[in-house]
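A.B. asks: I have a structure I would like to understand better, so I am pasting it below and will then ask my questions one at a time.
The values are calculated or read from the model by the stated rules, or taken from the named source; none is laboratory data. Quick caveat, the model's predicted, so the values are computed rather than measured. Positions of Cβ are backbone-derived with ideal geometry, glycine not excepted, and every protein chain shown enters the neighbour counts.
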Amino acid sequence: EVAYFGAGPAGIPTPVLERGAAAFVNFEDSGLGLAEISHRSSTATKILDETKKGLISLLDIPDNYDILFLHGGGSGEFSAVVFNMVAVWVEKRRRKAQEQFGDDDEAILLRVREELKYYLRLDYLITGSWSLKASQEAAQLLDPLGQNFVNVALDARETNEGRFGSIPPEDTWKLTPANANSGCGSAFVYYCDNETVDGVEFPSFPQCLEAQAGENDRLVICDMSSNFLSRRVDVKKYAVIFGGAQKNIGITDITLAIVRKDLLGDMPPPSFLHKVGVWSPPTILNWQIVSKNNSLYNTLPIFSVWIAGEVLRALIVLHGDSKVAGQEAVSNAKAETVYRVLDTNPDVYQPVNHRDVRSRMNICFRVKDPKTEKQFLAEAEERLLQGLKGHRSVGGIRASNYNSVSMDNISKLAEYLTEFAQRKRR
Ligand code: PLP
């Protein structure tokens with residue numbers, strides 16, 4: 001029996017895989033496998049609806065949010081966020097200018113162009129390599145405008161010897177003021193809730209991003225690719241939450257986004273955006289179009305949606321009324337089990353990150369004696385404890401503790417960690 005701790009794609013609960021294998025060949029005795037049916041069939045729509053319902057129920061998603069199934073993975077959303085949110089920002093400015101200038105199109109255009117030049121900001125909190133990549137994508141997409149619109153409100157490396165591993169106090173973040181004199185504010189504040197490569201997780205929703213009376217609404221965008229469904233989330237604090245499915249939701253292939261509906265409303269006409277100097281969102285990344293088409297603008301991999309639905313259903317059955325809070329307790333207990341062994345053997349292991357931001361999902365540590373790190377990994381493999389090698393960019397060990405990793409497998413890892421430490425000490 002393999003115990004798999006890979007960072008993604010992650011394992012899938014075996015019963016779901018077994019049902020999936022059957023559904024892949026012959027779905028509910030229809031004579032067709034799920035990868036063979038039309039995404040426009042009633043079966044597909046039912047699967048889509050059921051999967052959405054599962055997510056709504058687990059996370060208590062309010063009515064004023066839509067759930068989108070997208071292509072392009074988390075990386076695709078790095079771009080989608082910029083295209084869609086800049087368009088939303090421009091539309092707000094255009095409407096305001098319209099109130100002032102009526103149908104003087106030239107004056108409206110000039111006003112919005114000016115405002116864009118002086119006030120457009122995209123705030124990024126960079127706490128690891130995925131938020132860094134997202135900010136770099138934003139910068140390069142807006143580069144043709146000849147200006148850097150990305151405001152790095154936080155680069156956590158600056159206060160941690162050049163590497164990720166901590167989240168400095170909020171009062172040191174340099175967010176664009178929410179209620180700038182212009183009333184423009186930033187187009188959004190972006191952060192990654194759990195940094196998969198570096199093992200840094202926000203302990204909770206940042207307090208300074210809480211909506212405050214009298215302020216412009218801060219639109220918070222969050223990448224939850226690697227800790228989705230592992231703890232409670234107050235969805236209404238976010239404008240958009242997105243994540244690739246391949247860690248805690250299902251298999252590689254689909255990307256989920258939970259988007260506040262008012263952001264799916266009016267968009268500026270593409271010609272206006274082009275005159276202002278920004279691209280209109282490519283159709284496949286355009287949340288408004290995807291939403292209007294119930295995520296079926298183009299061919300959606302229904303098999304993957306079904307797997308996600310089954311994973312959600314299994315969580316609902318397992319945790320009942322406690323919903324995702326039940327999974328949060330399990331995730332915390334599993335993570336604590338591993339960290340406890342690491343912390344009680346400080347002569348052999350070193351968790352690499354500050355205690356208050358240690359990820360529950362991606363537990364990153366070093367075997368202190370560099371000569372034995374390879375041995376640690378090789379012996380783990382022999383015991384069928386797999387996928388423990390750290391990301392190639394940071395090295396070390398990374399034990400991923402996604403929802404599909406059972407407490408039994410975590411116990412096996414903890415036993416091995418203890419036994420290895422005892423041997424090294426002898
Ligand atoms: N964001 C996070 C937190 C991730 O862990 C990953 C991938 O592991 C990505 C984004 C990129 O996702 P994808 O490979 O689906 O583009």
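A.B. asks: Suppose we filter segment 383-426 for residues that are among the hydroxyl-bearing types (Ser, Thr, Tyr), closer than 24 Å to residue 194 by Cα and surrounded by 15 or more Cβ atoms within 10 Å (Cβ to Cβ); how many remain?
C.D. replies: Residues meeting the conditions: 4.
A.B. asks: Taking into account only those residues within segment 193-212 that are in a loop (DSSP other than H, G, I, E, B) and aliphatic (A, V, I, L, M), which is surrounded by the fewest Cβ atoms within 10 Å (Cβ to Cβ)?
C.D. replies: Across segment 193-212, the extreme among qualifying residues is 211.
A.B. asks: Restricting the search to segment 148-181, which residues are aromatic (Phe, Trp, Tyr), under 27 Å from residue 355 (Cα atoms) and in contact with a helix residue (DSSP H, G or I) (Cβ under 6 Å, 6 or more places away or on another chain)?
C.D. replies: Scanning segment 148-181 gives a single hit, 164.
A.B. asks: Okay, next question. Working carefully through the options 115, 137, find the one that is more than 16 Å from the ligand (Cβ to nearest atom), part of a helix (DSSP H, G or I), in contact with a helix residue (DSSP H, G or I) (Cβ under 9 Å, 6 or more places away or on another chain) and not aliphatic (A, V, I, L, M).
C.D. replies: One residue alone meets the criteria, 115.
A.B. asks: Follow-up question, since we're still on this one. Of the residues 94, 40, 111, which single one is more than 24 Å from residue 247 (Cβ to Cβ) and surrounded by fewer than 15 Cβ atoms within 10 Å (Cβ to Cβ)?
C.D. replies: The unique qualifying residue is 40.
A.B. asks: So which pairs qualify, if the first residue must be in segment 9-37 and part of a helix (DSSP H, G or I), the second must be among the polar types (S, T, N, Q) and crowded, with 16+ Cβ neighbours inside 10 Å, the Cβ gap must be under 9 Å, and the two must be at least 6 apart or on different chains?
C.D. replies: 14/404; 16/404; 27/43; 28/43
A.B. asks: Being over 28 Å from the mean Cα position of the chain (by Cα) and in contact (Cβ under 8 Å) with a residue 12 or more places away in the chain is the filter here, so list the residues in segment 338-373 that pass it.
C.D. replies: The answer is 341, 345, 347, 348, 349, 367, 368, 369, 372, 373.
A.B. asks: In segment 148-170, how many residues are among the acidic types (Asp, Glu) and in a loop (DSSP other than H, G, I, E, B)?
C.D. replies: Number of matching residues: 1.
A.B. asks: In this structure, does residue 94 turn out to be more than 16 Å from the ligand (Cβ to nearest atom), in contact (Cβ under 8 Å) with a residue 40 or more places away in the chain and in contact with a Ser or Thr (Cβ under 7 Å, 6 or more places away or on another chain)?
C.D. replies: Considered against the rule, which asks whether it is more than 16 Å from the ligand (Cβ to nearest atom), in contact (Cβ under 8 Å) with a residue 40 or more places away in the chain and in contact with a Ser or Thr (Cβ under 7 Å, 6 or more places away or on another chain), residue 94 comes out as no.
A.B. asks: Answer yes or no: is there a residue in segment 387-406 that is part of a helix (DSSP H, G or I) and of a type outside the set (Lys, Arg).
C.D. replies: no
A.B. asks: Listed residues 34, 59; which is of a type outside the set (Lys, Arg), more than 20 Å from residue 151 (Cα to Cα), outside the structural domain of residue 245 (by TED's automatic domain parsing) and in contact with a helix residue (DSSP H, G or I) (Cβ under 7 Å, 6 or more places away or on another chain)?
C.D. replies: The conditions single out 34.
A.B. asks: With respect to residue 223, is the statement that it is surrounded by fewer than 21 Cβ atoms within 10 Å (Cβ to Cβ) and assigned by TED's automatic domain parsing to the domain that holds residue 296 true?
C.D. replies: no
A.B. asks: Continuing with this model, one more query. For segment 352-373, what are the residues that are surrounded by fewer than 21 Cβ atoms within 10 Å (Cβ to Cβ) and either closer than 17 Å to residue 341 by Cβ or at pLDDT below 95 (or both)?
C.D. replies: Result: 355, 366, 368, 369, 370, 371, 372, 373.
A.B. asks: Just to verify a result, which residue in segment 183-205, among those that are more than 11 Å from the chain's Cα centre (by Cα) and of a type in the set (S, T, N, Q), is farthest from residue 360 (Cα to Cα)?
C.D. replies: 186
A.B. asks: List the helices (runs of 4 or more DSSP H) that sit entirely inside segment 229-335 and contain at least 2 residues that are away from the ligand (no atom under 16 Å from the Cβ), in contact (Cβ under 8 Å) with a residue 12 or more places away in the chain and not assigned by TED's automatic domain parsing to the domain that holds residue 54.
C.D. replies: 302-319
A.B. asks: For a quick check of your reading of the model, give me the residue pairs whose first member lies in segment 125-139 and is farther than 19 Å from residue 186 by Cα, whose second is part of a loop (DSSP other than H, G, I, E, B) and near the ligand (Cβ under 9 Å from one of its atoms), with beta-carbon atoms closer than 6 Å and at least 6 apart or on different chains.
C.D. replies: 129/197
A.B. asks: Picking from 84, 26, which residue would you name as being away from the ligand (no atom under 16 Å from the Cβ), crowded, with 19+ Cβ neighbours inside 10 Å and of a type outside the set (Gly, Ala, Ser)?
C.D. replies: 84
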